1. Can you show me the helix-derived [θ] at 222 nm for the chain, built from DSSP H runs with n ≥ 4 at -39,500 (n - 2.57) apiece and divided by the number of residues, rounded to the nearest 500.
2. For the stretch 108-151, report the translational diffusion coefficient in µm²/s to the nearest whole number, using Stokes-Einstein at 10 °C, 1.306 mPa s, and a Kirkwood Rh over Cα pairs.
3. Find how much the distance from residue 73 to residue 128 grows on full extension, using 0.36 nm per residue of separation minus their present alpha carbon separation; answer in nm with one decimal.
4. In terms of the ratio Rg/(2.2 N^0.38 Å) built on C-alpha atoms, what value belongs to the chain?
5. Say the dipole of the chain comes from +1 at the beta carbon of Lys and Arg and -1 at that of Asp and Glu; which of 141, 70, 37 then lies farthest toward its positive end?
6. What list do you get for 102, 48 if you sort them by fewest beta carbons within 10 Å?
7. As a footprinting exposure proxy, order 117, 140 by other Cβ within 10 Å, with the fewest listed first.
8. Which order do 82, 125 fall in if you start with the one that has the fewest other Cβ atoms within 10 Å?
Amino acid sequence: MENSFFFSLGIWNWFILAGILGVMEVIAPGYFLIWYGLAALSVGGLALAIDISWQMQLIMYAVIGMGLLIASLRFAGSRAGESDRPMLNKRAKSYLGKTYELLDDTSNGRGSVRVGDSIWSVQIENGANLAKGKGVLITDVNGNKLVGRAS
């Protein structure tokens, strides 16, 4: 008895599923629900035009949905060009090759430098101790710590 509602709608289930997936894509955009919604719309349209068994409809839905998703990912991947700001989320990497002044004497090769409006920890290569005010050339990044050498 529970299944009678599902089967009584017939091919209209595909259009209902397409609408639900479309609304879900708008509410929580994730870029993949729209393709399965279009697949449901396609299968519904094909089932409306020609008589297809429900098993074949499910197979078509899976094939069309995966095909649309893979095609969209390939298309979107090929259109992703070079960023005009490649270091946007790699702020520490943008400091490589630049020289900054030590804020204090280093102890066991550890100190701090001012970069813009923030203070970064710096590890001096070979654990060298340097005096306050000495320039440090940044050569690497280790987590949230800059690595440098005396300049």
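Where a number appears in this text, it was derived from the coordinates with a stated rule and is not lab data. These numbers come from a predicted model, not from an experiment. So basically every Cβ, Gly included, is an ideal-geometry build from the backbone, and we count neighbours across all protein chains shown.
1. Helices in the chain give a 222 nm mean residue ellipticity of -14500 deg cm²/dmol.
2. Estimated diffusion coefficient is 154 µm²/s.
3. Once the chain is fully extended between residue 73 and residue 128, it gains 14.8 nm.
4. Normalised Rg, Cα atoms only: 1.98.
5. Result: 141.
6. Exposure proxy ranking, most exposed first: 48, 102.
7. 117, 140
8. With the fewest neighbours first, 82, 125 line up as 82, 125.
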